[in-house]
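Let me begin by presenting the structure, written as structure tokens, before commenting on it.
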Amino acid sequence: MVVGRRFSSSVRALASAALALGVAGATVTPAAAVGQPGGAHGAGYRPVPVVYDSDLDFDDAATLLYLCQADKQGLIDLRAVTVVNNGVGTPGRSLTHARTILAGCGLADVPVADGSPDWVNEPPPEARELFEQVLSGALGDADAPDMPGPTSAAELIARTVQASRTPVTVLATGPLSNVSAALDRMSPRTLRDRLGRVVVMGGAFDVGGNLFGSTTAGFDNTQEVNMWIDPAAADHVLATVPRARVSVVGLDATNHAPITPSFVGHLGAQATSYEARTVHAIVTQPGMPELIGQGVMFWWDALAAVSLVTGQGVDYRVRPVDVVLDGPSSGRTVSVAGGTPQRVGTAADGALFEELFLDGLEGPQTARLAR
């Protein structure tokens, strides 16, 4: 594949910005531990309902592929997939990519929707350009028409939570705009009884931020990108969801889960499932090996998903949290007296994550046979 001059420029810009800013790289109850699926896990199990909300850039796509396998293995029940349009993914195209992935996984009947086109702080357009080309290339859907969903993302999230007899877990790995709007559509009783955990990839507490690109001038890089794009939405979610039901997987944890060339090679050598093969295709698209080789790419979103599904890989501690809403530190997550107590990921086991992620993409039996 020939890489255009503008595309190559985007890769160089992202790499240099990340390097200049110094981007580096308690357990929770697993989704599968609420009960045990049939067979080896016992009878009478009901998989935990999950709604996945993201901005569907490259690592969100990898995360959705992992969740598809978790659904097929009976570890979760993927009830809905929603996309926020103010993140690093491309509006319209992100929803198309979600549909492509779900269809490839055999889960085309999972409802999808998008929403929240407006940002507070603009994500770098060069990142959108790069990751759109990566996903269109890996998924082969560049010519697929973009079609809006029948309802808004906020409405689909709220309706899915309200309709469930079992508390629904929401995994959010982009700006929290959709989730924040959905919470406003839920009654206090729904929040208390129908909304389970909210697992968020975002924030940076005791480490530096990961801002990058052409739109970040004037900020102090104490903030993580998802929280920075819509600080008010992040603040609303952390303050509204009942105490200790939010699990925040921030850079304190994800810095321990870099995407490494060795893992990419290992994945490629044994990928047999659609999900594993497609993740490998994503991380080997033009531009990606260069960024991975420079050590500036991480399994941000996948780490949050693995923690949700398995209950392993991330250490958590309850801390009172808040979000800075404006100024040079806009979007920074802080632990302060008077904040809302929520679960904060303080560290992660990168090697364990890689094992769990690979097993999840392939299915445990297939992954073990391949080793």
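The values are calculated or read from the model by the stated rules, or taken from the named source; none is laboratory data. No experiment lies behind these values; they were computed from the predicted model shown. Every residue, glycine as well, gets a Cβ built from its backbone with ideal geometry; the counts of neighbours run over all protein chains shown. Ligands, DNA and RNA are stripped out before the accessible areas are found, and what is left, the full protein with its side chains, is counted by its heavy atoms. Shrake-Rupley method; radii C 1.70, N 1.55, O 1.52, S 1.80 Å.
Values for this structure:
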item	result
Of all residues in segment 102-125 being of a type in the set (A, V, I, L, M) and farther than 30 Å from residue 327 by Cα, the one that is most open to solvent (accessible area, probe 1.4 Å)	108
So residue 194, is it among the charged types (D, E, K, R), open to solvent by 10 Å² or more (accessible area, probe 1.4 Å) and touching a strand residue (DSSP E or B) at 6+ places or on another chain (Cβ under 8 Å)	yes
Some residue of segment 148-157 being part of a loop (DSSP other than H, G, I, E, B), open to solvent by 20 Å² or more (accessible area, probe 1.4 Å), at pLDDT 95 or above and in contact with a strand residue (DSSP E or B) (Cβ under 8 Å, 6 or more places away or on another chain)	yes
Tabulated pairs, segment 320-347, first of a type in the set (D, E, K, R), second part of a loop (DSSP other than H, G, I, E, B), C-beta under 7 angstrom, 6+ apart or interchain	322/336; 322/339; 332/222; 332/223; 332/324; 343/28; 343/244
Of all residues in segment 187-207 being of a type outside the set (Gly, Ala, Ser) and over 20 Å from residue 250 (Cα atoms), the one that is nearest to the chain's Cα centre (by Cα)	195
Residues of segment 244-275 classified as surrounded by fewer than 18 Cβ atoms within 10 Å (Cβ to Cβ), within 30 Å of residue 195 (Cβ to Cβ) and among the β-branched types (Val, Ile, Thr), total	0
From the options 221, 178, 210, 226, residue that is more than 19 Å from the chain's Cα centre (by Cα) and open to solvent by less than 30 Å² (accessible area, probe 1.4 Å)	221
Options 329, 335; residue that is out of contact with any strand residue (DSSP E or B) (no Cβ under 9 Å at 6 or more places or on another chain), at pLDDT 95 or above, farther than 25 Å from residue 102 by Cβ and among the hydroxyl-bearing types (Ser, Thr, Tyr)	329
Residue list for segment 36-74, filter: of a type in the set (D, E, K, R) and at pLDDT 95 or above	53, 55, 57, 59, 60, 71, 72
Hits in segment 87-122 (condition: among the β-branched types (Val, Ile, Thr) and over 25 Å from residue 330 (Cβ atoms))	96, 100, 101, 110, 112
